[in-house]
Amino acid sequence: MPLPPVLTKNAYAYEELRRRILTGDIEQGSILSQSKLAREIGVSTTPLREALRRLAAEGMVELKSHSDARVAALTAEEAKDLYVLRENLDPLAAGLAAESRMPTDVAAIEAALKQLTPLHDAADLAAMTAHRDFHRTIYTASHNPLLIGILEGLWDKADRYRQVGLQGQQATEKDRIRVEAEHIKIAEAVIAGDPARARAAMHQHVMGSLGRRAIAVLSGD
């Protein structure tokens, strides 16, 4: 079994800080002291600053000054905005993927589908990554670089809201079965080259997504 790649200091600082924010180890609104975080993580302030810049570009962190930053707050309004965008753009990508998929895309979609595991724990970042990898194969199969870039950016920003959805409302076995079936329907429609079915399957999936669940949690509904 091959060993995992060794991360650079910049990449390690980014991954560790992102993990702490996603899992709630560092809460939203928290002030981040760069010198303190650098000591805790075990890197110098230079890679830490680069990590913070990357996280700021993803909307997870707000840079306040040269030495301090703040974890961006989560709001119901932003959750709604993200949901509206994904409700429209994800089905578009799925439809284009059904029209444009190539044999290499089909192989990637099938492989990613096999790696999916149920999302049931906010701390299970491996399952979150597998979920993203599957959706990335659909986006990539659209062969529309602009759309792919937009959706990747939205996914970065939406990851924390997925965590809210996981933490705020416990998924049932029925939910897990539904989500698994939805992923299969999306994959089958894209692979079959059926744009209308792919769009419909993806739209249904987004409607029941963790992002939508986060809106209810943050709104107090």
- Would you tally the net charge around ALA51, using a Cβ to Cβ cut-off of less than 10 Å, leaving ALA51 out, and scoring K and R as +1, D and E as -1? +2
- Message: Going by amide H atoms built from the backbone, whose H comes under 5 Å of the H on VAL61, apart from near neighbours?
- Response: ALA56, ALA72
- Where only protein heavy atoms count, and the probe is 1.4 Å, what is the accessible area per residue for the chain in Å²? 52 Å²
- Message: Using a Cα-Cα cut-off of under 20 Å, which aspartates and glutamates could be cross-linked to LYS36, ignoring same-chain neighbours fewer than 8 residues away?
- Response: GLU15, GLU16, ASP25, GLU27, GLU50, GLU62, ASP68
- Could you give the Stokes-Einstein D for the chain in µm² per second, using the C-alpha Kirkwood radius, 4 °C, 1.567 mPa s? 70 µm²/s
- Message: Restricting things to Cα coordinates, could you compute the convex hull volume per residue of segment 4-135 in Å³?
- Response: 145 Å³
- If you count, for each residue, the other Cβ atoms within 10 Å and average over each peptide, how do 34-40, 88-94 line up from highest to lowest? 88-94, 34-40
- Task: Would you please classify the overall shape of segment 75-118 from the alpha carbon gyration tensor, given that a ≥ b ≥ c denote the square roots of the eigenvalues, rounded means a/c under 1.5, and beyond that prolate means a/b larger than b/c while oblate covers the rest?
- Result: oblate
- Query: What is the P(r) of segment 95-221, as percent of Cα-Cα pairs per 5 Å bin from 0?
  - Reply: 2, 11, 20, 24, 21, 13, 7, 2, 0, 0
- Within the accessible area of the chain (1.4 Å probe), percent carbon and sulfur: 56 percent
- Note on the structure: Quick note, segment 124-164: a/c under 1.5 would make it rounded; otherwise a/b > b/c is prolate and the rest oblate (a ≥ b ≥ c, C-alpha gyration tensor); here it is oblate
- Message: Give the lysines whose C-alpha is closer than 30 Å to that of LYS185, dropping any in the same chain fewer than 8 places away, or say none.
- Response: LYS80, LYS114, LYS157, LYS174
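The values are calculated or read from the model by the stated rules, or taken from the named source; none is laboratory data. The shown structure was predicted, so the numbers you read here are calculated from the model rather than taken from an experiment. Note that each Cβ is placed from the backbone with ideal geometry, even for glycine, and that neighbours are counted across all protein chains shown. Protein only, heavy atoms only, side chains kept; ligands, DNA and RNA dropped before computing areas. Shrake-Rupley method; radii C 1.70, N 1.55, O 1.52, S 1.80 Å.
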